[in-house]
Structures are given as C-alpha cells and as structure tokens.
1. Percent relative contact order of segment 63-140, based on C-alpha pairs within less than 8 angstrom and at least six residues apart?
2. Classify segment 56-140 as rounded, prolate or oblate, taking a ≥ b ≥ c as the square roots of the eigenvalues of its Cα gyration tensor: rounded when a/c is under 1.5, otherwise prolate if a/b is larger than b/c and oblate if not.
Amino acid sequence: SVSVPRPRLERPPVLGAWAWAQFCWRLCPRCRLLAPASEERGADMGTRGPPALLDTTPAKTIVVYRNGDPFYPGRRFVLPRRRATTFEALLEQLTEQVDVPFGVRRLFTPTRGRPVLTLDALQAGGKYVAAGRERFRELE
C-alpha cells in the first residue's frame with residue numbers, strides 16, 4: 001500500500017501554541033491512540049493544561065487553652081483537611097506549642113469538660129482545653 005503524504009498545516013496567527021497543538025492532536029486519530037493521558041492535558045508540551053480539581057474544603061481553625069489557667073490567652077491552630085494527620089499527631093503538635101506539664105495528652109470542651117477523642121469531633125472555630133493526665137479544671 002502506498003501512503004499518501006498529508007499536507008502540512010500552517011498555524012493561523014489567531015491561535016496560540018496551546019490551542020494549535022490541541023487542534024492538530026484532535027485531527028490525527030493515530031496520535032490520539034498513542035498519546036498517554038498526560039499528553040491530553042499538554043503536560044509534556046511545556047504549558048499548563050486545564051486546571052486540576054483541587055480540594056477546596058477549608059481548613060479547621062481551633063483555639064486551644066491551657067487547663068486551669070485563666071490568664072493563658074489561648075493559641076490558634078490551623079488544621080488543614082487534606083493533610084491526613086492522626087489525633088495523636090495533633091496532640092504532639094499541641095505539646096510543642098502549648099506549655100503543659102508532661103505534655104498534652106487530652107483535649108476537652110471548655111464549657112462542660114467533655115473529652116475530645118477524634119479529629120472529626122473538632123469543629124471549625126471551636127475552643128478547646130489542653131490537659132496532661134490531670135482531670136479537667138474550668139477556666140473561671
């Protein structure tokens with residue numbers, strides 16, 4: 001079989017390089033079958049493709065107070081939702097940032113002193129009391 005050469009297409013001045021590449025790519029079915037999925041977005045063409053879907057859920061911001069210390073002003077913490085941390089990792093971070101004797105081991109709600117046991121139980125804009133092994137004391 002004899003292959004017929006295809007005429008070379010010239011890029012019109014109206015189209016940018018990205019639009020022209022997409023136009024040519026759609027014309028050639030052989031290239032479409034061989035192209036990897038990343039080429040479809042133009043990743044190897046040196047240009048940015050369409051915006052990727054990002055996690056747009058806002059981060060949780062909490063305020064943590066020291067157990068039984070009415071003069072402690074509270075420390076604000078931002079907890080990004082996309083970072084898969086554990087509750088224990090949060091307690092370690094609180095130990096570094098909030099000066100509690102023997103480290104932060106438990107979190108309580110400030111009004112009723114109920115223990116917080118999971119990250120999901122933390123509410124955005126919530127206020128919490130950091131404690132070590134001691135029992136909960138109200139913030140007078």
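Each value in this text was obtained by applying a stated rule to the coordinates, not by laboratory testing. These figures come from a predicted structure and were not determined experimentally.
1. Details: 114 pairs, mean separation 31.7, N = 78.
After rounding, I find 41 percent.
2. Numbers: a/c = 1.75, a/b = 1.54, b/c = 1.14.
The shape class here is prolate.
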